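Below is one structure, written out as structure tokens, with a few remarks after it.
The values are calculated or read from the model by the stated rules, or taken from the named source; none is laboratory data. In this text the structure is predicted, and so the values were computed from the model without any measurement. We place every Cβ from the backbone using ideal geometry, glycine too, and count neighbours over all the protein chains shown. With ligands, DNA and RNA removed, areas are computed over all heavy atoms of the protein, side chains included. Shrake-Rupley method; radii C 1.70, N 1.55, O 1.52, S 1.80 Å.
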Amino acid sequence: QVQLVESGGGLVQAGGSLRLSCAASARLFSINFLGWYRQAPGKQREWVAAITNGGSTNYANSVKGRFTISRDDAKNTMYLQMNSLKPEDTALYYCNAQARITADSSIYSYWGQGTQVTVSS
């Protein structure tokens, strides 16, 4: 079983920056999807950003131009650089990986436990 562990959340003033990390406890054999989601209080979880195996990235319109997703496969780690943060970015941020852990295993969706980001006005 693979675990994803997020870190880097915290309290920041509007306009500030944070860098989230998501570290996998083991190397994933075959990755179909890597991305970040967030969930604000009273709202549904929403997709934030994704990165392909080739390094192509996609972002939700609400964070485009402010957030940058990246990955370091050698470290089994994914990142989310968040700049120009706004109070509406306040949420619990989760990383997600849809992958096989061996050649014979099924694709499984792995989630981290979440890291809290709070942006004050």
Separation of the ASN83 and SER62 label points, Cα + 7 Å toward Cβ, nm: 2.1 nm
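Over the alpha-carbon set of the chain, divide Rg by the Kirkwood Rh and report the Rg/Rh ratio to two decimals.
On the way: Rg = 14.1 Å, Rh = 14.5 Å.
Here Rg/Rh amounts to 0.97.
Name the shape class, rounded, prolate or oblate, that the alpha-carbon gyration tensor gives for region 77-117, where a ≥ b ≥ c are the square roots of its eigenvalues, rounded holds for a/c under 1.5, and otherwise prolate holds if a/b is larger than b/c and oblate otherwise.
Numbers: a/c = 4.39, a/b = 2.81, b/c = 1.56.
Verdict is prolate for region 77-117.
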GNM top mover of GLN44, GLN13, GLN98 - the chain, alpha-carbon springs below 10 Å: GLN44
Separation between Cα centres of region 99-116 and region 23-78, rounded to whole Å: 13 Å
Listed residue (GLY15, ILE69, ILE51) projecting farthest to the positive dipole end of the chain, Cβ model: GLY15
For peptides 82-89, 49-56, sequence by mean Cβ density within 10 Å, most packed first: 82-89, 49-56
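What is the percent carbon and sulfur in the accessible area of the chain, measuring with a 1.4 Å probe over the protein chains and ignoring ligands? Spell out each step's value before the answer.
On the way: 3040 of 6500 Å².
Accessible surface attributable to carbon and sulfur in the chain totals 47 percent.
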5 angstrom amide H check on VAL48, placed H, neighbours 5+ away: TRP36, TYR37, ARG38
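Please sort by residue number the chymotrypsin sites (Phe, Trp or Tyr not before Pro) in region 1-110 whose DSSP state is loop and whose Cβ has at most 16 other Cβ atoms within 10 Å. Don't skip to the answer; put the middle values down first.
Values: sites: PHE29, PHE33, TRP36, TYR37, TRP47, TYR59, PHE67, TYR79, TYR93, TYR94, TYR108, TYR110; in loops: PHE29.
The qualifying sites are PHE29.
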Rounded accessible area per residue of the chain, 1.4 Å, Å²: 54 Å²
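Using only Cα atoms, figure out Rg for region 44-115 and give it as a multiple of 2.2 N^0.38 Å.
Numbers: Rg = 13.5 Å, N = 72, 2.2 N^0.38 = 11.2 Å.
That works out to 1.21 for region 44-115.
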Computed E for ASN32/GLN3 - FRET, C-beta separation, R0 30 angstrom, nearest 0.05: 0.95
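In debye, nearest 20, what is the charge dipole magnitude of region 7-118 about its Cα centre with +1 on Lys and Arg Cβ and -1 on Asp and Glu Cβ, if you could check? Display every interim value, and only then the final one.
Numbers: 11 positive and 6 negative charges, 24 e Å.
Charge dipole of region 7-118: 120 debye, to the nearest 20.
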